[in-house]
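Peer 1: Got a structure for you, questions after.
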Amino acid sequence: MSMSTPGPERVPSTVKVGKTTGQGKPPANKPGANRPGGKGQGGGKGRKPVTPVKVSGSRNWGPIAVAGAVVLIAAGIIGYGVYASVQGSRDWTDKLADIQGVVNYRAQKNATLDDRTHKDGALTYVTSPPVGGAHNPTWQNCMGDVYTEPIANEHAVHSLEHGAVWVTYKQGLAADQVAVLQKKVEGKDYMFMSPYTGLDKNVSVQVWGYQYKTDDVNDAKIDSFISAARLKASMEPGAACSSGNTTTGPVTAATSNGASMDTPTTSGS
């Protein structure tokens, strides 16, 4: 029995699979290798960054607005307190200096104006109305007195020495304008008023050494002058304004008319 010669040995064909699993999937240790344009885990060109999602929450502005308002009010109160404290501590002469138009005769150092000697009879004064100088031993009553006729300069100047404000107005000024001035004076201690012959302005207010003139009876500077200088301008702090002369008209006698605690040759009340 003869045996047939076998033919060429058939070699099974092989399929090369490079570095893949049996299923043809890329290795698990190389993520992103199959992503378009991917260059490893970090991503590459063309990859859009992930935009974080904003979560909007509603804020309650009511309490914040109230708190802000409280802070502003508190700041305003504190600010005003500081301002008022500073203003209150300022000297009265500084306050007068702030009033435009006020004349400071004390700064002139005029011996005639500064003279505080008591003298009887008619006297001559440097200014009109007078703001200082020798004067009658008796002061004009200045407890809010309103005189409808001119009074003696000699008595009025003594009242200025005691710290009174003398409000004078031009003779013949309209009654309604006089009434405006009267409201500033009537019933107020260390204040008195009277018409003044030959006054160059409708109104002149004066204390010892200071004067302010205006044509407007409603001028707010009148009130500022009174507020700053009343009593403060006294050359004799504590001196009275009561028990003084209450008559009008010029000094005609050589003796003082009214109450006086001094001799004619002394300075002072």
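Peer 1: Can you work out which of the residues in the range 209-220 that are open to solvent by 10 Å² or more (accessible area, probe 1.4 Å) and touching a helix residue (DSSP H, G or I) at 6+ places or on another chain (Cβ under 8 Å) is nearest to HIS135 (Cα to Cα)?
Peer 2: TYR210
Peer 1: Still on this structure, I have one more. Of the conditions (1) modelled with pLDDT of 95 or more; (2) β-branched (Val, Ile, Thr); (3) open to solvent by 70 Å² or more (accessible area, probe 1.4 Å); (4) part of a helix (DSSP H, G or I), VAL71 fails just one. Which one is it?
Peer 2: (1)
Peer 1: If you go through the range 148-171 one residue at a time, how many are more than 32 Å from the chain's Cα centre (by Cα) and either farther than 12 Å from MET235 by Cβ or open to solvent by 20 Å² or more (accessible area, probe 1.4 Å) (or both)? If you could, list the steps in order and put the result at the bottom.
Peer 2: The initial filter retains those residues of the range 148-171 that are more than 32 Å from the chain's Cα centre (by Cα), namely 148-159, 170-171.
Checking the rest, the ones that are also either farther than 12 Å from MET235 by Cβ or open to solvent by 20 Å² or more (accessible area, probe 1.4 Å) (or both) come to 148-156, 170-171.
Selection size over the range 148-171: 11.
Peer 1: Which is of a type outside the set (Phe, Trp, Tyr), open to solvent by 20 Å² or more (accessible area, probe 1.4 Å) and either modelled with pLDDT under 95 or within 34 Å of the chain's Cα centre (by Cα) (or both), of ALA107, ALA111, ALA122? Walk me through how you get there before you give the answer.
Peer 2: Values: ALA111 fails: either modelled with pLDDT under 95 or within 34 Å of the chain's Cα centre (by Cα) (or both); ALA122 fails: either modelled with pLDDT under 95 or within 34 Å of the chain's Cα centre (by Cα) (or both).
Going through ALA107, ALA111, ALA122 in turn, just one is of a type outside the set (Phe, Trp, Tyr), open to solvent by 20 Å² or more (accessible area, probe 1.4 Å) and either modelled with pLDDT under 95 or within 34 Å of the chain's Cα centre (by Cα) (or both): ALA107.
Peer 1: Do we have any residue at all in the range 148-156 that's among the polar types (S, T, N, Q), under 25 Å from SER243 (Cα atoms) and out of contact with any strand residue (DSSP E or B) (no Cβ under 6 Å at 6 or more places or on another chain)? Break it down stepwise before answering.
Peer 2: Within the range 148-156, the first condition is being among the polar types (S, T, N, Q), and the residues that meet it are 148, 153.
Now drop any that are not under 25 Å from SER243 (Cα atoms), which leaves 148, 153.
If we keep only those that are out of contact with any strand residue (DSSP E or B) (no Cβ under 6 Å at 6 or more places or on another chain) as well, we get 148, 153.
Yes, the range 148-156 contains a residue that is among the polar types (S, T, N, Q), under 25 Å from SER243 (Cα atoms) and out of contact with any strand residue (DSSP E or B) (no Cβ under 6 Å at 6 or more places or on another chain).
Peer 1: Continuing with the same structure: So which pairs qualify, if the first residue must be in the range 163-191 and touching a residue at least 24 places away in the same chain (Cβ under 8 Å), the second must be among the polar types (S, T, N, Q) and open to solvent by 70 Å² or more (accessible area, probe 1.4 Å), the Cβ gap must be under 6 Å, and the two must be at least 6 apart or on different chains?
Peer 2: Matching pairs, first to second residue: GLN171/THR197.
Peer 1: Are any residues in the range 182-207 open to solvent by less than 10 Å² (accessible area, probe 1.4 Å) and within 19 Å of ALA233 (Cβ to Cβ), and if so, which ones?
Peer 2: Scanning the range 182-207 gives VAL185, MET191, PHE192, MET193, SER194, VAL203, SER204, VAL205, GLN206, VAL207.
Peer 1: Does ASP145 count as closer than 16 Å to CYS241 by Cβ and open to solvent by 40 Å² or more (accessible area, probe 1.4 Å)?
Peer 2: Numbers: closer than 16 Å to CYS241 by Cβ: yes; open to solvent by 40 Å² or more (accessible area, probe 1.4 Å): no.
Judged against the criteria, ASP145 is not a match.
The values are calculated or read from the model by the stated rules, or taken from the named source; none is laboratory data. Please read these numbers as outputs of a predicted model, since none were measured by experiment. Quick reminder, even Gly has a Cβ in these numbers, built from the backbone with ideal geometry, and neighbours come from all protein chains shown. Ligands, DNA and RNA are excluded from the accessible area calculation, which covers all protein heavy atoms including side chains. Shrake-Rupley method; radii C 1.70, N 1.55, O 1.52, S 1.80 Å.
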